1. Can you name every residue in the stretch 45-71 that is open to solvent by 30 Å² or more (accessible area, probe 1.4 Å) and either more than 15 Å from the chain's Cα centre (by Cα) or without any contact (Cβ under 8 Å) to a residue 60 or more places away in the chain (or both)?
2. Is it true that some residue in the stretch 107-115 is β-branched (Val, Ile, Thr) and either modelled with pLDDT of 90 or more or closer than 21 Å to Glu139 by Cβ (or both)?
3. Among the candidates Leu117, Leu102, single out the residue that is closer than 19 Å to Ala52 by Cα, among the hydrophobic types (A, V, I, L, M, F, W, C), open to solvent by less than 90 Å² (accessible area, probe 1.4 Å) and touching a residue at least 40 places away in the same chain (Cβ under 8 Å).
4. If I go through the stretch 5-44 residue by residue, how many of them are open to solvent by 70 Å² or more (accessible area, probe 1.4 Å), touching a Phe, Trp or Tyr at 6+ places or on another chain (Cβ under 8 Å) and closer than 23 Å to Ile88 by Cα?
5. Would you check which residues across the stretch 78-99 are open to solvent by 10 Å² or more (accessible area, probe 1.4 Å) and within 12 Å of the chain's Cα centre (by Cα) and list them?
6. Which pairs turn up if I take residues in the stretch 134-155 that are at pLDDT below 85 and look for partners that are outside any helix (DSSP H, G or I) with beta carbon separation below 6 Å, at least 6 apart in sequence or on another chain?
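The values are calculated or read from the model by the stated rules, or taken from the named source; none is laboratory data. This structure is a prediction, so every number in the text was calculated from the model and none was measured. So basically every Cβ, Gly included, is an ideal-geometry build from the backbone, and we count neighbours across all protein chains shown. Heads up: the accessible areas ignore ligands, DNA and RNA and are worked out on the full protein's heavy atoms, side chains in. Shrake-Rupley method; radii C 1.70, N 1.55, O 1.52, S 1.80 Å.
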Amino acid sequence: MDIVTLLSTDRIAREHAISSKNRAFEKLAELLSLEGSEDGFDNEAVFNALIAREKLGSTALGNGIVLPHASLKVPYAKAALLLLDEGIEMDSPDKKPVHLLLALIVPAGQTESYQGLLSELAITLNRKNLCSTLLELREPELILDYLASLFVQKIAA
């Protein structure tokens, strides 16, 4: 499983005027709960889970990238991508503003089975120019295709 199977174009957003980590996490929760809360992807529950995980330690990678993730009582994993024109401050190891937030919600009790995916995401996405490339693409379809190409290249290598 890779991020492209967990992400869809309706869960990719670009925002200009988000000014805080909380507001960014609120937007991610909205994206992750788009299909409704009948499957457990309740907006408030997703937001609270992401914030609670972040309090344990920053999920910032550096290079303007953050991978917030959490487990919830949901039947399947799902991801959302938020791109920010104006970066926000987070506890990034390189102290650079964050422009890309890729959130992942996984089913409770299955966290260990997604550790490999989180590691792969961290390695594959932690590229110096990734944020600027994705911001230039603008369209969710193009962004998803570009992300898919990163994972295909990694698999083929």
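1. Selection gives Ala45, Phe47, Asn48, Ala52, Arg53, Lys55, Leu56, Ser58, His69, Ser71.
2. Taking every residue of the stretch 107-115 in turn, none turns out to be β-branched (Val, Ile, Thr) and either modelled with pLDDT of 90 or more or closer than 21 Å to Glu139 by Cβ (or both).
3. From the options Leu117, Leu102, the qualifying one is Leu102.
4. 1
5. His99, the sole residue that qualifies.
6. Phe151/Asp2
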